[in-house]
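The values are calculated or read from the model by the stated rules, or taken from the named source; none is laboratory data. What you see is a predicted model, and the numbers here were worked out from it, not measured in a lab. Cβ sites come from the backbone with ideal geometry, for glycine too, and all protein chains shown count toward neighbours. SASA here: full protein model, heavy atoms, side chains in, ligands and nucleic acids out. Shrake-Rupley method; radii C 1.70, N 1.55, O 1.52, S 1.80 Å.
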Amino acid sequence: MGTIGKFKKEGETYEGVIESITCAALPARILPVQSKPNMDAPDYRVYRGVSEVGAAWRKKTRAGDRYLVVTLDDPAFVHPIQCRLTRVDEDYVLFWTRK
């Protein structure tokens, strides 16, 4: 698992940067969806610059800690990547995993 982003939370919005070896650091926003069409629809949309690059769903651990499961996709990726946005101290860190 690797860190590819760091965010600050203001209200329900997360503002930060997503960066990796192949992706230069660009501002990123994780914005809440105002009206979900069904229960399976994402709770958030992920934007990098002006482009929508993913979606996120609210989750909770057995201990009650909240986090977001984030799916990111890009034409350069072979497959979408799965991430987890978790609170670490005062920040929120985006960790990715390879399936």
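What FRET efficiency, computed as 1/(1 + (r/R0)^6) with R0 = 30 Å and r the Cβ-Cβ distance, is obtained for Val88 and Glu52, rounded to the nearest 0.05? Plugging the Cβ-Cβ distance into 1/(1 + (r/R0)^6) gives 0.75. The gain in end-to-end length when the Asn38 to Thr97 segment is fully stretched comes to 18.6 nm, 0.36 nm per residue minus the alpha carbon separation.
Answer with a single label: of (1) 34, 33, 28; (2) 51, 36, 16; (3) 52, 30, 18, which was calculated as Cα extents along the principal axes in Å from the structure in view? So the calculated entry is the one marked (1). Using R0 = 22 Å, the C-beta based FRET efficiency linking Thr13 and Val78 works out to 0.15. The residues of the chain present an accessible area of 69 Å² per residue when probed at 1.4 Å with all protein chains retained.
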